[in-house]
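The values are calculated or read from the model by the stated rules, or taken from the named source; none is laboratory data. None of the values given here were measured: they were computed from a predicted structure. Here the Cβ positions follow ideal geometry from the backbone for every residue, glycine too, while neighbour counts run over all protein chains shown.
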C-alpha cells in the first residue's frame, strides 16, 4: 500500500511539474507576444509622428508655393498691363523707322518675359498640385498608421484580457 501511495504521489508530483513547465512556456509565449505588440505599437507611433511631420512640412511647402504662385501671378498681370501699354504706344507712335524698331524690340522682350512667366506659373501650379497630392498621401498613410496602432492596441488589450 505504501508503494501505491508513493506511486500516486510520484504521479501527482510529475503531473504538477508538467503543468508548471507548460504554464511557464505559455507565460513566456504570451510575454514574448506582448513585447512584440509593444514594439509594433511603438514603431507605428513613430511612423505616425513621422507622417504628421511630413504632412506639416508639405503643408508649409504648399503655402510657400502658393505665395510664390501669387507673386508670379502679380508679375504676369503687370507684364500683361505693360504689354497692353506697349501695344498702344506702338499704335500711337508711327513716326520714324528707328523708333518703331525700338518698340518692336521691347514688345518682343515683353513677349519673351510673358512666355517665361507663363512657364513659371505653369511649373508653380504643377508643383503646388504635386505638393497637395503628397500631403494627401501622407495624411492617408498617417491615418492607416493610426488604424494599425489602434488594432495593435486592441489586440494587446485582448491578450491582456485573456490572461
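Out of curiosity, is residue 128 surrounded by 12 or more Cβ atoms within 10 Å (Cβ to Cβ), over 30 Å from residue 32 (Cβ atoms) and touching a helix residue (DSSP H, G or I) at 6+ places or on another chain (Cβ under 9 Å)?
Working: surrounded by 12 or more Cβ atoms within 10 Å (Cβ to Cβ): yes; over 30 Å from residue 32 (Cβ atoms): yes; touching a helix residue (DSSP H, G or I) at 6+ places or on another chain (Cβ under 9 Å): yes.
When the stated conditions are applied, residue 128 passes them.
Given the structure, is residue 4 more than 30 Å from residue 152 (Cβ to Cβ), surrounded by 10 or more Cβ atoms within 10 Å (Cβ to Cβ) and over 28 Å from the mean Cα position of the chain (by Cα)? Show your work before the answer.
Details: more than 30 Å from residue 152 (Cβ to Cβ): yes; surrounded by 10 or more Cβ atoms within 10 Å (Cβ to Cβ): no; over 28 Å from the mean Cα position of the chain (by Cα): yes.
Criteria not met by residue 4.
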Quiz item: If you go through region 142-160 one residue at a time, do you hit one that is surrounded by 12 or more Cβ atoms within 10 Å (Cβ to Cβ), farther than 18 Å from residue 50 by Cβ and within 22 Å of the chain's Cα centre (by Cα)?
Solution: yes
Exercise. Could you tell me which of the residues 111, 105, 57 is out of contact with any helix residue (DSSP H, G or I) (no Cβ under 6 Å at 6 or more places or on another chain), surrounded by 14 or more Cβ atoms within 10 Å (Cβ to Cβ) and farther than 30 Å from residue 32 by Cβ?
Key: 57
Quiz item: From 22, 56, 3, which residue is within 30 Å of residue 136 (Cβ to Cβ) and part of a helix (DSSP H, G or I)?
Solution: 56
Quiz prompt | region 26-44 - residue that is surrounded by 14 or more Cβ atoms within 10 Å (Cβ to Cβ) and within 21 Å of residue 145 (Cβ to Cβ) and, of those, farthest from the chain's Cα centre (by Cα) | solution = 34
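Just to be sure, is residue 120 modelled with pLDDT of 85 or more, surrounded by 14 or more Cβ atoms within 10 Å (Cβ to Cβ), assigned to a helix (DSSP H, G or I) and in contact with a helix residue (DSSP H, G or I) (Cβ under 7 Å, 6 or more places away or on another chain)? Reasoning before the result, please.
Numbers: modelled with pLDDT of 85 or more: no; surrounded by 14 or more Cβ atoms within 10 Å (Cβ to Cβ): yes; assigned to a helix (DSSP H, G or I): yes; in contact with a helix residue (DSSP H, G or I) (Cβ under 7 Å, 6 or more places away or on another chain): yes.
Considered against the rule, which asks whether it is modelled with pLDDT of 85 or more, surrounded by 14 or more Cβ atoms within 10 Å (Cβ to Cβ), assigned to a helix (DSSP H, G or I) and in contact with a helix residue (DSSP H, G or I) (Cβ under 7 Å, 6 or more places away or on another chain), residue 120 comes out as no.
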